[in-house]
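Step one of this worksheet: look at the structure below.
Read-outs: derived from the displayed coordinates by stated rules, not from any lab. All values reported here derive from a predicted model rather than from experimental measurement. Please note: Cβ atoms are built from the backbone with ideal geometry, for glycine as well, and neighbour counts cover all protein chains shown.
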Amino acid sequence: MAIQQQIQQAAIESLEKLYSKTFTPKDFQINKTKPEFEGDYTIVLFSLLKPLGKSPDAVGNELGKHLTENHPQLFTSYNIIKGFLNLTVADNYWNSVLLTNYNNSSFGKAETKHKKVMIEYSSPNTNKPLHLGHLRNNFLGWSTAAIINANGYDTVKTCIVNDRGIHICKSMIAWQLFANGATPQSTNTKGDHFVGDYYVKFNDEYKKQVEELIAGGMKKDDAEKEAPIMKATQQMLLDWEAGKPEVMQLWKEMNSWVYAGFDETYKRIGSDFDKIYYESNTYLLGKKTVQEGLEKNVFIQKEDGSVWIDLTADGLDEKIVQRKDGTSVYITQDIGLAQQKYDEYKIDQSIYVIGDEQNYHMKVLQLICKKLGLPYADSIYHLSYGMVELPTGKMKSREGTVVDADDLLNEMEDVARQKTEELGKVKDFTAEELQELYKTISIGALKFYLLRVDPKKKMIFNPEESIDFHGYTGPFIQYTHARIKSILRKEKAQKSNVQASSLLKLEKELLIDLENYPTVIEQSGNEHDPSHLANYIYNIAKTFNSFYTEHSVMNAESVEKKQLRLLICELTANVIASGMQLLGIKVPERM
């Protein structure tokens, strides 16, 4: 049990004995004591004063005295400052935390809860390569899955690939018009980039044709509808839905080029899935659900045959769930796919990692599922995240101004190489070891920078800033880990030589933070927010560097102190490695 829970439990027992009333954890707060005050943990007394009819000093003294007298193994002293009861935890407790967990590989991980959580992320379109926005999505999805798994849940990582629709046909038409039979192989181009180039070509040609029609006297709205390339694309979509063989063959071939490119990028960034769904297989799902909804009077059918749901009483609007020609729309497909996921995996929670521009859509999806009485409705959770922008502004894929994921990864490796060479500490590395190090640093920098921010917030990504060995970055944490491993290569800690002794300020501060690791994992999982873990690991690295600057390990003042600090080093390295792994980041042994 974590120290905060032990303090909470002890405080409740003491309060009930002192005042003959019932108390719960919600009746008071426990925080880490602020650095400027004496103590380790603080009980905030204000919420207790009115029910008890006592002053802050009276409650603080009575509670502090009872805790220290009845729990001497936990508390050595207390003090009261303006409604705050500051408790000093016994050094023996922190020593026991260290000795129990310094080489415990499962430290921080919860016991299995026998519940299943599905996390859907990435969700790319097959008309363009992955970009910077996809990277934030992938990192959030993968890390959230890893953290939830560490909290004892069975996780299923899924992806829905948007492989059909007008946007896919745009790349296909442009290839027919401009490629002259070229392929990724013949042009030595990565498949997703190759197809993405034709999506940009489509929009360039479409814009040109619209301008020509307007110059010929046509209104803009009409020109946009009548442009030959757009009409050809719309016809191709109809041919695809009719299963026209030559269209299906081209669609399959171009998608296969894109999938090969995606796989290469996913492997590079360490993103993977347990199950991939394809829109081409799921877009007709939900029709049965629509029919059932009509029978239950959840949906209404209008005169033209289209089917709608009226959500105005819920503060939303009317939403179409099936077109007049009987074809499904996105929301219909989403309902059907949600049902399929539940039927296949019997999941207890279904998390969708989707940008905040889809907040309304996700509200509608969950509300419709609830009104239909579907068993998975309450389990739907939208992990909404803000867009990533560059210092230069927003990205637009149709104009070819997106930050391509592969180009960004290459740029990050170049920056990692340059910054590492400036440090000049890798002269004994082989060429292969250096290449692996640059890759580890660059991916680590990128992931940490994108994960350290609350997912709900929009953010600006700066590649140069993300790779700084002294800043609020992944490489700073990686470098700290390598530094600790360098110490431990000189001498291994001997547990038998460690004796209970009084802890110095930074030794204790580091142990207090390290003991909190399981609580941080739990909080990150409950809130579906990896930024809590990212910030925690950064603070651990920062505190360790202060500790190491202040206190020598190899030349400690006694054999016992040396062994104690070696154990602290080992626990710190393990927590850093474990926490970074949950963020999908590797930590090198040498840097």
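Here's how it looks for G286: its modeled amide H is under 5 Å from those of G336, which are all 5 or more places away or on a different chain. Bridgeable lysines around K275 (alpha carbons under 19 Å apart, same-chain partners fewer than 8 residues away excluded): K115, K116, K157, K267, K341, K346. Excluding same-chain neighbours fewer than eight residues apart, the lysines reachable from K456 by a Cα-Cα span under 20 Å are K363, K394, K447. Spin-label model, K219/A58: points 7 Å from Cα along the beta carbon direction are separated by 8.0 nm.
So which GluC sites (Glu not before Pro) in the range 1-47 end up in coil per DSSP with only 15 or fewer other C-beta atoms within 10 Å? Here the sparse-neighbourhood loop sites are E36, E38. Legend: ranking of residues R489, R417, R164 from fewest to most surrounding C-beta atoms inside 10 Å; resulting order R489, R417, R164. The GluC sites (Glu not before Pro) of the range 69-148 that meet both conditions, a loop assignment by DSSP and at most 13 other Cβ atoms within 10 Å of the site Cβ, are E111.
Annotation: extensible slack from E211 through E527 equals 108.8 nm (criterion: 0.36 nm per residue apart, minus Cα-Cα distance). In order along the range 32-38, phi translates into HN-Hα couplings of 5, 5, 5, x, 6, 10, 7 Hz, rounded to whole numbers, per the Karplus curve 6.51 cos²θ - 1.76 cosθ + 1.60 with θ = phi - 60° and x for Gly and Pro. Database remark: amide H of F75 closer than 5 angstrom to the amide H of A90 (H placed geometrically; neighbours at sequence offset of 5 or more, or on other chains; Pro and chain starts carry no H). Sparse packing (at most 10 other Cβ atoms within 10 Å of the Cβ) combined with a DSSP loop state is found for the following GluC sites (Glu not before Pro) in the range 295-403: E303. Each residue of the range 129-143 was assigned a 3J(HN,Hα) from its phi angle through the Karplus expression (A = 6.51, B = -1.76, C = 1.60, θ = phi - 60°), giving x, 5, 10, 4, x, 5, 5, 4, 4, 4, 5, 5, x, 5, 5 Hz with x at Gly and Pro. With a Förster radius of 45 Å applied to the C-beta separation of D27 and M554, the computed FRET efficiency comes to 0.40. Placing +1 on each Lys and Arg Cβ and -1 on each Asp and Glu Cβ, with no other charges, gives the range 405-582 a dipole about its Cα centre of roughly 640 debye. Counting 0.36 nm for each residue step from S96 to L18 and taking away their Cα separation leaves a gain of 25.1 nm. Straight-line cross-link reach from K370 at under 14 Å between alpha-carbon atoms covers these aspartates and glutamates, not counting any fewer than eight positions away in the same chain: E292, D310, D314, D334, D378. Sorting M387, M236, M362 by the number of Cβ atoms found within 10 Å of their own Cβ, with the fewest placed first, yields M387, M362, M236. Rounded to the nearest 20, the size of the Cβ-charge dipole of the chain about its Cα centre is 900 debye, with Lys and Arg at +1 and Asp and Glu at -1. For the pair E38 and D468, a Förster radius of 30 Å applied to the C-beta separation gives a FRET efficiency near 0.30, rounded to the nearest 0.05. Applied to the range 17-25, the Karplus parametrisation 6.51 cos²θ - 1.76 cosθ + 1.60 on θ = phi - 60° returns per-residue 3J(HN,Hα) values of 6, 6, 10, 6, 10, 9, 10, 10, x Hz, with x for Gly and Pro. Extension gain for the segment S105 to S186, taken as residue separation times 0.36 nm less the Cα-Cα distance, is 24.2 nm to one decimal. Helix-only arithmetic for the chain: the sum of -39500 (n - 2.57) across DSSP H runs with n ≥ 4, divided by the residue total, places the mean residue ellipticity at 222 nm at -18000 deg cm²/dmol.
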